[in-house]
Amino acid sequence: MARTRKVTVSTDEHGHTAGWSSTGLDTTLPVPAGPADDGAAGFFDVDNTVMRGASIYWFARGLASRNYFTTSDLVRFAWQQLRFRVLATEHAGNMSQAKEAALAFVAGWRVEDVERLTEEIFDELMAPRIWAGTRALAQQHLDAGQRVWLVTAAPVEIGRVIAIRLGLTGAIGTVAEIHDGVYTGRLVGDLMHGPAKADAVVQLATVEGLDLDRCAAYSDSANDLPMLSAVGRAVAINPDGALLRVARDRGWSVYDFRTGRKAARIAVPSTVAAGALAGAVTAGLAMRRRWQTR
């Protein structure tokens, strides 16, 4: 039986979803570009689907360039994170440990500081890496009057900034607990990963009155098969080997915006490099929040 969780969603004066839910929903631009088609939507994974590499990797790069942690921090915590990623992959029971570590890096940070830095880093490092082809696919939904949500395991604040910058409807992502405008370092709900993405999409469809058979989902990874299988049209974007095999077996559309050797190179930030810097962020920033002393 599918897992369920309670969802609380606020609406604006027009009845559009606007705000937060336990699934990590943030919808900041609810009005589609074309005549409204409220029954259908597009759901896009972010890392290697909307942009080259992992959003948390580029976020960490931006923080490192601003001297929020040192090179020695990166090396030490990269090893810890890579070791953990292997163990977590081999032992599903370690997901509870993943939950505890996922957003530890923001503990003690003010929400407004993280949002400001995310906006700066998106414009500086992420925007040039948006796949034009994927952006065009999202625009097709908007032009048809449909809404478009990003669905990412990254913190929802990162997803929200990307959605705003791309003119999309909003984002579903991993949510950090906030108390008095400051992150506690704990999560609200689950990591937005694997089956949790499918749960969130299904619940959002219920809240928004979407017909999932008319919706589409886009991803590069076999980890997102639950989300891709929850909608009427699944699309593989820059797929990994496992997803490509499934897509071919099921007759799903496949787009690959990578070419030759470049495709091999851009895979690095989403695996080894992303794991390294995500680990550095998770463990390092909680210890070296230099902005507190500036």
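We did not get these values from a lab; they are worked out from the coordinates using the rules stated. Just so it is clear, the structure is predicted and the values come from calculations on it, not from any experiment.
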| Fully extended contour minus Cα-Cα distance, from Arg250 to Glu119, at 0.36 nm per residue | 43.3 nm
| query | For Ile164 and Val207 in one chain, what is 0.36 nm times their gap in residues minus the Cα-Cα distance, to one decimal in nm? | reply | 13.4 nm
| query | Amide H to amide H, which residues 5 or more places from Met51 or on other chains are under 5 Å from it, using H placed in the peptide plane? | reply | Trp131
| According to the Kirkwood expression over distinct Cα-Cα pairs, how big is the hydrodynamic radius of the range 139-209, in Å? | 13.1
